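For reference, the structure is listed below as structure tokens.
Just so it is clear, none of the values below were taken in a lab; they were calculated from the coordinates. Fair warning: this is a prediction, and the values are worked out from it, not measured in the lab. Note that we place each Cβ from the backbone using ideal geometry, even for glycine, and neighbour counts take in every protein chain shown.
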Amino acid sequence: MEDLLVEALGVLVPIVEACGAAVIVVGALWAFVRFVVVGLRERDARAFVPVRLSLGRFLALGLEFQLASDVLRTAVAPSFRELGQLAAVAAIRTALNYFLAKEIAEERRQLAEERAEEGTGTRQARDT
């Protein structure tokens, strides 16, 4: 039974890794296209915030897939060395995800405030 699990994981791990890489590549390409379109239409740096938020979400999802592949890799009879490597990788990726999520939340908050100001005219009065 363990041999069957090892074989299955030998197939699943590269698939999950490839899915994570695909999510990141698709997100980067999509964000780049949006970046170019927004850059041609608007010259305001704030117009790029939604593009950054979208890219951040793609990166966070891609990192989750990569972490999942690392967990799968050590699922069957891991050695202490493999567990240590998994712990280090998980800590680094978790920290990256944490700070990425924090930045996304901050950007969302700023966008919501700007939209609220634009809706009430506060920003126009402040800018003049």
Worksheet item: What is the fewest-to-most order of V51, V11 by other Cβ atoms lying within 10 Å of their Cβ?
Response: V11, V51
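If contacts are Cα pairs under 8 angstrom and at least 6 residues apart, what is the relative contact order of the chain in percent? Spell out each step's value before the answer.
On the way: 78 pairs, mean separation 37.7, N = 128.
Computed value for the chain: 29 percent relative contact order.
Please order T74, T94, T120 by the number of other Cβ within 10 Å, starting at the fewest.
On the way: T74 18, T94 13, T120 10.
Fewest-to-most Cβ neighbours within 10 Å comes out as T120, T94, T74.
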Practice prompt. Go through (1) 23, 19, 11; (2) 23, 14, 13; (3) 42, 16, 9 and flag the label whose value is the computed semi-axes √(5λ) of the Cα gyration tensor in Å for this structure.
Written response: (3)
Worksheet item: Using a simple spin-label model with points 7 Å from Cα along the Cα→Cβ vector, what separation in nm is obtained for I92 and R109?
Response: 2.9
Worksheet item: Assuming R0 = 22 Å, what is the FRET efficiency of E82 and A8, from their Cβ-Cβ distance, to the nearest 0.05?
Response: 0.80
Worksheet item: Once every DSSP H run of n ≥ 4 in the chain is given -39500 (n - 2.57) and the sum is divided by its residues, what mean residue ellipticity at 222 nm do you get, rounded to the nearest 500 deg cm²/dmol?
Response: -31500 deg cm²/dmol
Item to complete: Would you mind checking region 73-111 for residues with the amide N under 19 Å from a putative spin-label position 7 Å along Cα→C-beta of E118?
Response: 105-111
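Using Cβ contacts closer than 10 Å as the measure, can you line up D3, D70 from fewest to most?
Working: D3 8, D70 20.
By the 10 Å Cβ count, ascending: D3, D70.
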